[in-house]
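First up is the structure itself, then whatever we jot down about it.
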Amino acid sequence: MPELPEVETVRRGLAPIMEGQSFAKVEVRRGDLRWPLPRGFAQTLHGKTVEGLGRRAKYLLADLSSGDVLMMHLGMSGSFRVGKDSAPGKYYHERSKSTAHDHVVFHMSNGATVTFNDPRRFGSMKLVSRAKLENEPLLRALGPEPLGNEFDAAMLAKACAGKKTSLKAALSDQRVVAGLGNIYVCEALFRAWLSPKRRASTIADRHGKPNERAEKLVAAIKAVLMDAIEAGGSSLRDHRRADGSLGDFQHNFKVYDREGEPCPDCKGKIKRIVQVGRSTFYCPSCQK
């Protein structure tokens, strides 16, 4: 599933195409994605202006002139493709060129077409009133944005205080911090020199205050996400940037998917274990 950097890459690519533009026409070629599209979806969007395109965790949020918010999730295989008659943004990438899986097409007032392609149909679109967005079930339990100013060592330590789960499991919990997935949790823990098996509560003291581990971990999370966004995300399968080239961040992996290879920081070797049903990659020698 795309993680925060990949979704932010999509947002940055779509923003210059969609912001300030209205929906001239909306084609719904298949209405059953992860769940059915709202009744009258195309008619409701027609003529509405996209006043802003934001992101919350792994959700894209289009603020509409009607007062509604169009929530969009890429799911496992979803992507947005900008039509050839428009100039795609620097960060845009497409994942599939098969039109058989083009399920929703937005025709924008500037002549651009934005097509949602999703072979596995785990993606979703939903219309929510802006006034009710704070209580939206898909969003209300999410933790803080890791790139937000409010996300700091004190916040993370408080969320992890008393937890008996592993640090890897805690960071993967969207209620603790939003948008992180397997790749960037592994990479952030390596940068902070912290073992994924370490108990989450050990980044806080007995009063729930942050220690040096929490400070290093927050700095590592922010740094790895910003580096990944700048690189256009990670291309593990068919991720592409606007010019058709691959995202570059997979070339910068320190531990992810590098089982048995030398650690870049010491003489140890990268190890793979399974935690919460997912592969974890780390260096046992320098991550304690």
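The values are calculated or read from the model by the stated rules, or taken from the named source; none is laboratory data. On a predicted model such as this, the values are computed, not experimentally measured, just so you know. Virtual Cβ from ideal backbone geometry, glycine too; neighbours counted across all protein chains shown.
Anything in the range 1-12 that is under 13 Å from M72 (Cβ atoms) and touching a Pro at 6+ places or on another chain (Cβ under 9 Å)? List them, or say none. Selection gives V10 alone. Among residues of the range 271-288 that are assigned by TED's automatic domain parsing to the domain that holds K254 and of a type in the set (K, R), those with a beta-carbon under 6 Å from a residue that is modelled with pLDDT of 95 or more and in a strand (DSSP E or B) at least six positions away or on a different chain give the pairs R272/S279; R272/F281. Filter the range 139-160 for residues that are among the aliphatic types (A, V, I, L, M) and at pLDDT 95 or above and give the result. Listed by number, the residues that qualify are L139, L142, L147, A153, A154, M155, L156, A157, A159.
Counting only helices (runs of 4 or more DSSP H) that fall entirely inside the range 153-222 and contain at least 2 residues that are over 22 Å from the mean Cα position of the chain (by Cα), the qualifying elements are 153-160. Restricting the first member to the range 190-208 and to residues that are within 9 Å of A161 (Cβ to Cβ), and the second to residues that are β-branched (V, I, T), the beta-carbon pairs closer than 8 Å and six or more apart or on different chains are A200/T165.
Any idea which of A42, A57, A15, A62 is aliphatic (A, V, I, L, M) and at positive phi? Exactly one residue qualifies, and that residue is A57.
Which one of R140, R130 is surrounded by fewer than 16 Cβ atoms within 10 Å (Cβ to Cβ) and not assigned by TED's automatic domain parsing to the domain that holds L53? Residue meeting the stated conditions: R140. For the range 1-28, taking the residues that are charged (D, E, K, R) and either at pLDDT 95 or above or outside any loop (DSSP other than H, G, I, E, B) (or both), the one that is surrounded by the most Cβ atoms within 10 Å (Cβ to Cβ) is identified as E6. The selection criterion, being among the β-branched types (V, I, T) and over 21 Å from N252 (Cα atoms), does not hold for V185. Scanning the range 185-206 for residues that are in contact with a strand residue (DSSP E or B) (Cβ under 6 Å, 6 or more places away or on another chain) and closer than 14 Å to A220 by Cβ yields C186, P196. Kindly list, by first and then second residue, each pair from a residue in the range 157-175 that is over 19 Å from I273 (Cα atoms) and in the same structural domain as P210 (by TED's automatic domain parsing) to a residue that is surrounded by fewer than 18 Cβ atoms within 10 Å (Cβ to Cβ) and at pLDDT below 95, limited to pairs with Cβ atoms under 7 Å and residues at least 6 apart or on different chains. Hits for this filter: A157/G208; K158/G208; A161/G208; R175/A141.
Remark: pairs (first residue in the range 221-233, assigned by TED's automatic domain parsing to the domain that holds A170; second residue β-branched (V, I, T) and at pLDDT below 95; Cβ separation under 8 Å; 6+ apart in sequence or on different chains) = I229/T9; G232/T9; G233/T9.
Against the condition among the hydrophobic types (A, V, I, L, M, F, W, C) and over 17 Å from E134 (Cα atoms), how does V69 come out, does it pass?
Working: among the hydrophobic types (A, V, I, L, M, F, W, C): yes; over 17 Å from E134 (Cα atoms): no.
When the stated conditions are applied, V69 does not pass them.
Within the range 7-35, being among the acidic types (D, E) and in contact with a helix residue (DSSP H, G or I) (Cβ under 8 Å, 6 or more places away or on another chain) holds for E8, E27. Search the range 53-76 for residues being of a type in the set (G, A, S) and over 21 Å from P2 (Cβ atoms), and hand back the single one that is surrounded by the most Cβ atoms within 10 Å (Cβ to Cβ). Out of the qualifying residues, it is S66.
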